[in-house]
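J.: Please find one structure pasted underneath; my questions will follow.
The values are calculated or read from the model by the stated rules, or taken from the named source; none is laboratory data. This structure is a prediction, so every number in the text was calculated from the model and none was measured. Positions of Cβ are backbone-derived with ideal geometry, glycine not excepted, and every protein chain shown enters the neighbour counts. Side chains are part of the model used for accessible areas, which takes the heavy atoms of the whole protein and leaves out ligands, DNA and RNA. Shrake-Rupley method; radii C 1.70, N 1.55, O 1.52, S 1.80 Å.
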Amino acid sequence: MAALTLLDEPVQDLHPEALVPGGGRVVLVAPHPDDEVLALGGTLAQLSAAGREVVLYAVTDGDASHPGSATWTPALLRALRPVETAQALRRLGVSARVERLRFPDGAIVRHEEALARALDLHDADTVFVPWRHDGHADHEACARAALAAARRQGARCIEFPVWALVPGHPAHAGLPRCRMRRIRVGPRFLRAKAWAIESFRSQLMPDGDAAPVLTPQALEVWRGAGEWVMA
Ligand SMILES: [Zn+2]
């Protein structure tokens, strides 16, 4: 699988707890309901099992995932996708405090400053957010907002690839390979992640003739290539 050869050199894997020093909170900023699980579901599960407090900022309800669809209307997606996330978190065994911010899906860039103000951080927090060059405008806007909020409030901020991890995606070629670190996630947590991903039914089902939002090729990467951060 291409993503397994992401790095030419052998890498020193990071233990999840080493990512969040000093017993601080794990704060994850998810642009859409599924980003947190696809990219870092195993890490979240392992940190939660180790007793770390997890706060999930759900920035949008993901209602723009199927533009123009007669089946997956914005109203249905708005109702369904937060429920899918809740089920996925249960399957991961993650008891997170979920702060649902309801910024408009597809237009976070117009609300970056408000998003930065909405992130209530402590200086012991470690904030996880998609990479600032992940190739999706919402992901990149969340990164800028979280980086600004973390800087102001003295928290650490760690970026992770979501779409950029997928070979063939336009953002993949730009991954900063020298900064990429793989997280050593235990097998039982990766099994829980695979089960949790099945919760995102709205994103896994084809829509008439249209392919699912989460294609089998991309899912293979998120399930199989480990979990990564830029450190
Ligand atoms: Zn997303």
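J.: Condition first: surrounded by fewer than 16 Cβ atoms within 10 Å (Cβ to Cβ) and either at pLDDT below 95 or of a type outside the set (A, V, I, L, M) (or both). Now tell me which residues in segment 105-123 satisfy that.
T.: The answer is Arg110, Glu113, Arg117, Asp120, His122, Asp123.
J.: Among residues belonging to segment 159-187 that are open to solvent by 50 Å² or more (accessible area, probe 1.4 Å), touching a residue at least 60 places away in the same chain (Cβ under 8 Å) and under 19 Å from Glu36 (Cα atoms), point out the one that is farthest from the ligand (Cβ to nearest atom).
T.: The qualifying residue farthest from the ligand (Cβ to nearest atom) is Arg184.
J.: Kindly indicate whether any position in segment 213-227 is buried (at least 18 other Cβ atoms within 10 Å of the Cβ), in a loop (DSSP other than H, G, I, E, B) and among the small types (Gly, Ala, Ser).
T.: Yes - at least one qualifying residue is present in segment 213-227.
J.: Confirm whether Val94 is of a type in the set (A, V, I, L, M) and over 19 Å from Ala145 (Cα atoms).
T.: The answer is yes for Val94.
J.: Also, quick follow-up: Among the residues of segment 124-140, which ones are within 11 Å of the ligand (Cβ to nearest atom) and out of contact with any strand residue (DSSP E or B) (no Cβ under 7 Å at 6 or more places or on another chain)?
T.: Those that are within 11 Å of the ligand (Cβ to nearest atom) and out of contact with any strand residue (DSSP E or B) (no Cβ under 7 Å at 6 or more places or on another chain): Asp134, Gly135, His136, Ala137, Asp138, Glu140.
J.: Sort through Ala149, Ala145, Ala196 and tell me the only one that's surrounded by 21 or more Cβ atoms within 10 Å (Cβ to Cβ), among the hydrophobic types (A, V, I, L, M, F, W, C) and without any contact (Cβ under 8 Å) to a residue 40 or more places away in the chain.
T.: Ala149
J.: Here is a follow-up. For Trp131, which of the numbered conditions (1) within 14 Å of the chain's Cα centre (by Cα); (2) modelled with pLDDT under 95 fails to hold?
T.: Checking Trp131 against (1) within 14 Å of the chain's Cα centre (by Cα); (2) modelled with pLDDT under 95, the one that fails is (2).
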